[in-house]
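Engineer: Can you read through this structure? Questions will come right after.
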Amino acid sequence: MKRRCTDLVGLLADFVEHQLSPEIHAELERHLTACPRCIAQLKTYESTVSLLRSIRDDDLPAELRCTLKSFVNRNCGN
Ligand SMILES: [Zn+2]
């Protein structure tokens, strides 16, 4: 089954957290070796996650916190 980049980008969060099934994880890994665009997306995601982990919620203005979290979770309620 061939997936498009737009499909795979939605899986990057689960990929980073190792939440994907082994087959999908391997497929995404294969795709990433050949797709600079998705690698760039992955790096953006990873740096955002590590940024979120490196700062405490209290240190962030609410608006920025919401933006970052909605980028990661896509379910920010605010
Ligand atoms: Zn791609």
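Yes/no per residue for (1) modelled with pLDDT under 90; (2) more than 14 Å from Phe71 (Cα to Cα); (3) polar (S, T, N, Q); (4) touching a Lys or Arg at 6+ places or on another chain (Cβ under 6 Å):
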site	(1), (2), (3), (4)
Thr6	yes, yes, yes, no
His18	yes, yes, no, no
Ser21	no, yes, yes, no
His25	no, yes, no, no
Leu28	no, yes, no, no
His31	no, yes, no, no
Lys43	no, no, no, no
Ile55	yes, yes, no, no
Asp59	yes, yes, no, no
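Engineer: Output the residue which, of all residues in the range 17-38 that are over 14 Å from Arg4 (Cα atoms) and in a helix (DSSP H, G or I), is farthest from the ligand (Cβ to nearest atom). Give the steps one after another, and end with the answer.
Structural biologist: Of all residues in the range 17-38, those over 14 Å from Arg4 (Cα atoms) come to 17-23, 25-26, 33.
So of that shortlist, the ones also in a helix (DSSP H, G or I) come out as 22-23, 25-26, 33.
Working: Pro22: 20, Glu23: 17, His25: 15, Ala26: 15, Thr33: 10 Å.
My answer is Pro22.
Engineer: Identify the residue in the range 39-56 that is open to solvent by 70 Å² or more (accessible area, probe 1.4 Å) and of a type outside the set (Gly, Ala, Ser) and, among all such residues, is farthest from the ligand (Cβ to nearest atom). Walk me through how you get there before you give the answer.
Structural biologist: Initial filter on the range 39-56 (open to solvent by 70 Å² or more (accessible area, probe 1.4 Å)): 41, 43, 46, 51, 53-54, 56.
Now narrow it down to the ones that are of a type outside the set (Gly, Ala, Ser): 41, 43, 46, 51, 53, 56.
Values: Gln41: 8, Lys43: 13, Glu46: 16, Leu51: 23, Arg53: 26, Arg56: 34 Å.
Here the answer is Arg56.
Engineer: Test Lys43 against the stated conditions and say whether it is part of a helix (DSSP H, G or I), touching a residue at least 12 places away in the same chain (Cβ under 8 Å) and of a type in the set (D, E, K, R). It would help to see each step written out before you state the result.
Structural biologist: Details: part of a helix (DSSP H, G or I): yes; touching a residue at least 12 places away in the same chain (Cβ under 8 Å): no; of a type in the set (D, E, K, R): yes.
It is false that Lys43 is part of a helix (DSSP H, G or I), touching a residue at least 12 places away in the same chain (Cβ under 8 Å) and of a type in the set (D, E, K, R).
The values are calculated or read from the model by the stated rules, or taken from the named source; none is laboratory data. Small disclaimer: the values here were computed from a predicted structure and weren't measured. Virtual Cβ from ideal backbone geometry, glycine too; neighbours counted across all protein chains shown. Note: areas computed on protein heavy atoms with side chains; ligands, DNA, RNA excluded. Shrake-Rupley method; radii C 1.70, N 1.55, O 1.52, S 1.80 Å.
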